[in-house]
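The values are calculated or read from the model by the stated rules, or taken from the named source; none is laboratory data. What you see is a predicted model; the values in this text were computed from it and never measured. Glycine also receives a Cβ, built like all others from the backbone with ideal geometry; neighbour counts cover every protein chain displayed. The accessibility values were calculated without ligands, DNA or RNA, using every heavy atom of the protein model including side chains. Shrake-Rupley method; radii C 1.70, N 1.55, O 1.52, S 1.80 Å.
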Amino acid sequence: MLIKKPEKIPSTEITSESAYLNRRSFGKLLAAGAAMAAFPARAAVPVDELTPEEIVTGYNNFYEFGMDKSDPAEYAHEMTTEPWKVRVTGEAAKTGEFDLEDILRGLEVEERVYRLRCVEAWSMVVPWMGVPLKKVLDQFQPNGNAKYVAFETLKRPSEMRGQRSFFSSIDWPYVEGLRMDEAYHPLTLMVTGVYGKPLPNQNGAPWRLMVPWKYGFKSGKSIVRIHFTRRQPKTTWNLLAPNEYGFYGNVNPNVDHPRWSQATERRLPSSLFNQNRRDTLMFNGYAEEVASLYSGMDLARYY
Amino acid sequence: MAAFKPALAFLLLLPAAWAGYAVWMEVQAPGSLLGADPGEALVLHFGEWALRVVLLALAISSIQRRTGFKQIVRSRRMVGLFAFFYTSLHLFAYVGFLAAFSLAEVFADLTERTYITVGFAAWLILLALSATSTRGWQRRLRRGWKRLHQLVYVAVALALIHFWWLTKDGYAEVVLYTAVFALLMLERLSRQAGSAASALAASSSSRNAADSASAMRSTSGSNRVSLISPK
Ligand code: HEM
């Protein structure tokens, strides 16, 4: 088992799923104790273990399919993902409608193990597969006016029952966005698979954004439009509750959300008697890589 | 209909029994019934049942009035106590399984998160009402008892505010429960309006009766009072 200090090598630290599944056995506990004795300096940093696949693909927030965590796994199969067209608009040389296949052609798919921190104070560790967003965006040659890029999720009420709900106050489609330097950061990924398989619908098939240092709501799913813009895009949760969800959505244990303390998180699976709680890390543990993007910014104001 | 109350008690125990079974299963096979985040799942389960049962407690007098099923009123105290029971389980699940028994954390939530402050206020009211729900307290507090127990409306209103504030989107459930509460309140208002009208009619007619009675037998004032007051 490869154990590396989480903040140091965020994208390659991998624990096998079977090692995870054995975690609760007594022998494993002894082994962990021995490992801790052998590396006392590391004892304070909990090891990140992969969240089991059935939780990654069975416990999701994807309101297009319903409010409950189990709704996406139950209903997302109603969405057709082939063919998948992507509309590119705004401040770029190449705009228009593209087949996803053409966009991804020739791009090498990498595996990245990232922590995923939800604003609701739970977290996972997920082995994604995807391509750096930079390589996707470069194809469209954004121009100098492109300061932000917005991502739109599919809006298709006939296949997305959450969008048919009379009781939702979300103005579909779901929109998220990044500053261009955030979008071009090497950690920012367009995900096309998970656990070595094509991305399941409930996780945002056929492709989704993954920005590991931001709360999960920033990483839009099932993307159909990429829009380069001069002005900061109006994003869904920010519009809905501006005092709760900022444009940035950076993971920050020092800035509480009105509903949840962000100081700690429950790493799933949590259990009743051991919640698997751990301290939330600044920028979700990716501070070394991304803190410089925000130097000089008041992060309590730009949350 | 003698079996009504025990049957209702049995039904109202089912959600707690399911939770007990789910916790037992969670210990045997983690994630089996309560999912990846069992603490959260329990809090939501008990919260929903607390709200349903407290609304049922409010519905009882309306049901009795509308259906004439008099027996049901005998179950009202029991249903109220069940509401307190589920609210307390909700609170316990939150303190134990979300806040991990950290009093500092609970205190921080109580002071910083208004939806929790409001929920806690609702629980305190239900606690006071449960503690004074016995006949002994009814006797001791006399007319004050009725006024005290009218706080149940405040408790339910606070519980609904709690639910509105914690709902991020998908308002179907909270709208439904609010509508039930509104309906029960309207039913009471219409009854009060109705009974006020009939009381007015009754008092004027009884005054007339008293007048004619006094004219006939020159009854004393105390008799008149006894004619008007039974109500
Ligand atoms: C004792 C103080 C209370 C505390 C600390 C408390 C705390 C909580 C918490 C932490 C949640 C979960 C919020 C989330 O996950 O977003 C919740 C949900 C809820 N609570 Fe409470 N609550 C309290 C009192 C009450 C009362 C008195 C009622 C109703 C009688 C109630 C009904 C609910 C309901 C219906 C939900 C939502 C369930 C769902 O979304 O499915 N709570 N409460």
- Task: Given the conditions (1) at pLDDT below 95; (2) buried (at least 21 other Cβ atoms within 10 Å of the Cβ), report the number of the one that residue B:47 does not fulfil.
- Result: (1)
- So residue B:62 clears everything in (1) open to solvent by less than 50 Å² (accessible area, probe 1.4 Å); (2) touching a residue at least 12 places away in the same chain (Cβ under 8 Å); (3) in contact with a Phe, Trp or Tyr (Cβ under 9 Å, 6 or more places away or on another chain) except one condition, right? Which one? (3)
- Residue list for region B:32-44, filter: assigned to a helix (DSSP H, G or I) and more than 8 Å from the ligand (Cβ to nearest atom): B:38, B:39, B:41, B:42
- Residue check for residue A:208: surrounded by 17 or more Cβ atoms within 10 Å (Cβ to Cβ) and under 19 Å from the mean Cα position of the chain (by Cα): yes
- State whether one or more residues within region A:145-166 are within 14 Å of chain B (Cβ to nearest Cβ) and under 19 Å from residue A:207 (Cβ atoms). yes
- Note on the structure: Exception for residue B:131 within (1) free of Cβ contacts under 8 Å to residues at least 24 places away in the same chain; (2) within 11 Å of the ligand (Cβ to nearest atom) falls at (2)
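Among the residues of region A:222-232, are any under 25 Å from residue A:75 (Cα atoms), within 16 Å of the chain's Cα centre (by Cα), away from every other protein chain (no Cβ under 14 Å) and not in a strand (DSSP E or B)? Explain how you work it out, then say what you get.
The initial filter retains those residues of region A:222-232 that are under 25 Å from residue A:75 (Cα atoms), namely A:222-225.
Now narrow it down to the ones that are within 16 Å of the chain's Cα centre (by Cα): A:222-223.
Imposing the further condition that a residue be away from every other protein chain (no Cβ under 14 Å) reduces the set to A:222-223.
Next cut, not in a strand (DSSP E or B) only: A:222.
Looking for residues that are under 25 Å from residue A:75 (Cα atoms), within 16 Å of the chain's Cα centre (by Cα), away from every other protein chain (no Cβ under 14 Å) and not in a strand (DSSP E or B), one finds at least one in region A:222-232, hence yes.
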- Item | Matching residues, region A:233-243, being assigned to a loop (DSSP other than H, G, I, E, B), surrounded by 13 or more Cβ atoms within 10 Å (Cβ to Cβ) and within 14 Å of chain B (Cβ to nearest Cβ) | A:241
- Message: Cβ-Cβ under 8 Å, sequence separation 6+ or interchain: first residue in region B:88-101 and within 8 Å of chain A (Cβ to nearest Cβ), partner more than 10 Å from the ligand (Cβ to nearest atom) and open to solvent by 30 Å² or more (accessible area, probe 1.4 Å). Which pairs?
- Response: B:100/A:277
- Consider only pairs whose beta carbons are under 7 Å apart and that are at least six residues apart or on different chains; among these, list those whose first residue lies in region B:22-35 and is within 7 Å of chain A (Cβ to nearest Cβ) and whose second residue is aromatic (Phe, Trp, Tyr). B:35/A:59
- Message: Can you tell me which of (1) more than 18 Å from residue A:264 (Cβ to Cβ); (2) open to solvent by 30 Å² or more (accessible area, probe 1.4 Å); (3) within 12 Å of chain A (Cβ to nearest Cβ); (4) within 16 Å of the ligand (Cβ to nearest atom) is the one residue B:56 doesn't meet?
- Response: (3)
- Task: State which residue is nearest to the other protein chains (Cβ to nearest Cβ) when the search covers only region A:64-85 and only residues that are in a helix (DSSP H, G or I) and open to solvent by 30 Å² or more (accessible area, probe 1.4 Å).
- Result: A:73
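For residue A:262, indicate whether it is within 14 Å of another protein chain (Cβ to nearest Cβ), in a loop (DSSP other than H, G, I, E, B) and open to solvent by less than 10 Å² (accessible area, probe 1.4 Å).
Numbers: within 14 Å of another protein chain (Cβ to nearest Cβ): yes; in a loop (DSSP other than H, G, I, E, B): yes; open to solvent by less than 10 Å² (accessible area, probe 1.4 Å): yes.
It is true that residue A:262 is within 14 Å of another protein chain (Cβ to nearest Cβ), in a loop (DSSP other than H, G, I, E, B) and open to solvent by less than 10 Å² (accessible area, probe 1.4 Å).
Quick grid of which residues meet (1) in contact with a Gly (Cβ under 9 Å, 6 or more places away or on another chain); (2) among the small types (Gly, Ala, Ser); (3) touching a residue at least 60 places away in the same chain (Cβ under 8 Å); (4) not in a loop (DSSP other than H, G, I, E, B):
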position: A:103; (1), (2), (3), (4): no, no, no, yes
position: A:125; (1), (2), (3), (4): no, no, yes, yes
position: A:129; (1), (2), (3), (4): yes, no, yes, yes
position: A:146; (1), (2), (3), (4): yes, yes, yes, no
position: A:162; (1), (2), (3), (4): yes, yes, yes, yes
position: A:185; (1), (2), (3), (4): no, no, yes, no
position: A:202; (1), (2), (3), (4): yes, no, yes, yes
position: A:205; (1), (2), (3), (4): no, yes, yes, no
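Mind checking whether some residue in region B:177-199 is within 14 Å of the ligand (Cβ to nearest atom) and either open to solvent by 70 Å² or more (accessible area, probe 1.4 Å) or within 14 Å of chain A (Cβ to nearest Cβ) (or both)?
So the first thing to find is which residues in region B:177-199 are within 14 Å of the ligand (Cβ to nearest atom), and the list is B:177-178, B:180-181.
Now restrict to residues that are either open to solvent by 70 Å² or more (accessible area, probe 1.4 Å) or within 14 Å of chain A (Cβ to nearest Cβ) (or both): B:177-178.
Within region B:177-199, one or more residues are within 14 Å of the ligand (Cβ to nearest atom) and either open to solvent by 70 Å² or more (accessible area, probe 1.4 Å) or within 14 Å of chain A (Cβ to nearest Cβ) (or both).
For residue B:75, state whether it is within 13 Å of the ligand (Cβ to nearest atom), away from chain A (no Cβ under 13 Å) and either buried (at least 20 other Cβ atoms within 10 Å of the Cβ) or at pLDDT 95 or above (or both). Break it down into steps so the answer makes sense when it comes.
Details: within 13 Å of the ligand (Cβ to nearest atom): no; away from chain A (no Cβ under 13 Å): yes; either buried (at least 20 other Cβ atoms within 10 Å of the Cβ) or at pLDDT 95 or above (or both): yes.
No; evaluated as a whole, the condition is false for this residue.
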- Query: Just to be sure, is residue B:113 away from chain A (no Cβ under 14 Å) and surrounded by fewer than 21 Cβ atoms within 10 Å (Cβ to Cβ)?
  - Reply: no
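Listed here are the residues, each with its yes/no results for (1) within 17 Å of the chain's Cα centre (by Cα); (2) open to solvent by less than 10 Å² (accessible area, probe 1.4 Å).
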{"residue": "A:130", "(1), (2)": "yes, yes"}
{"residue": "A:137", "(1), (2)": "no, yes"}
{"residue": "A:157", "(1), (2)": "no, no"}
{"residue": "A:163", "(1), (2)": "no, no"}
{"residue": "A:172", "(1), (2)": "no, no"}
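Condition first: over 30 Å from residue B:167 (Cα atoms) and out of contact with any Asp or Glu (no Cβ under 9 Å at 6 or more places or on another chain). Can you find one or more residues in region A:58-65 that meet it? Explain how you work it out, then say what you get.
Step one: filter region A:58-65 for residues over 30 Å from residue B:167 (Cα atoms), giving none.
Checked against the condition, which is being over 30 Å from residue B:167 (Cα atoms) and out of contact with any Asp or Glu (no Cβ under 9 Å at 6 or more places or on another chain), region A:58-65 yields no hits at all.
Quick one: which residue in B:148, B:160 is in a helix (DSSP H, G or I), more than 26 Å from residue B:6 (Cα to Cα) and away from the ligand (no atom under 13 Å from the Cβ)?
B:148
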- Only one of these conditions is not met by residue B:168: (1) more than 10 Å from the ligand (Cβ to nearest atom); (2) not in a helix (DSSP H, G or I). Which number is it? (1)
- Mind listing whichever residues of region A:231-250 are among the charged types (D, E, K, R) and touching a residue at least 60 places away in the same chain (Cβ under 8 Å)? A:231
